[in-house]
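Novice: Supplied in structure tokens, the structure appears directly below.
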């Protein structure tokens with residue numbers, strides 16, 4: 001098997017080609033993770049606040065407890081939808097990667113690189 005990193009010319013070519021794209025992907029991933037953590041923490045705080053309010057109202061015997069319980073259920077559904085969306089996004093990313101592997105044939109890429117090296 002041909003080792004791409006053994007040739008200094010190929011190492012420079014691949015590093016230049018993929019470094020900027022990798023940095024952009026890393027930036028997007030960090031941004032997504034940050035917003036995901038923030039929304040997750042906000043949902044957790046909201047849930048804890050609702051549970052505390054439900055307990056306080058329950059001790060007083062007020063009928064507003066039903067409304068707060070409904071909000072708590074809606075918050076749980078929102079959390080479930082978020083997990084489902086994340087799972088779907090990961091599946092789509094996996095399918096995109098497999099499609100790219102199918103489109104870019106490694107054997108042809110190696111042959112093209114070898115031809116380039118022979119000419120240089």
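Derivation of every value follows stated rules applied to the coordinates shown; laboratory data play no part. From a predicted model like this one, the values you see are computed outputs, not experimental measurements. Because the Cβ atoms are built from the backbone with ideal geometry, glycine has one as well, and the counts that use them run over all protein chains shown.
Novice: Across the Cα atoms of region 18-119, what radius of gyration and what greatest pairwise Cα-Cα distance (Dmax) are found, in Å?
Specialist: Final numbers for Rg and Dmax: 24.5, 86 Å.
Novice: So, one more: To the nearest 0.05, how large is the calculated FRET efficiency for residue 34 and residue 88 if R₀ is 30 Å and r is the Cβ-Cβ distance?
Specialist: So, using R0 = 30 Å, E works out to roughly 0.90.
Novice: Return the distance in nm (one decimal) between the two label points of a simple spin-label model at residue 47 and residue 119, each offset 7 Å from Cα along Cα→Cβ.
Specialist: 5.9 nm
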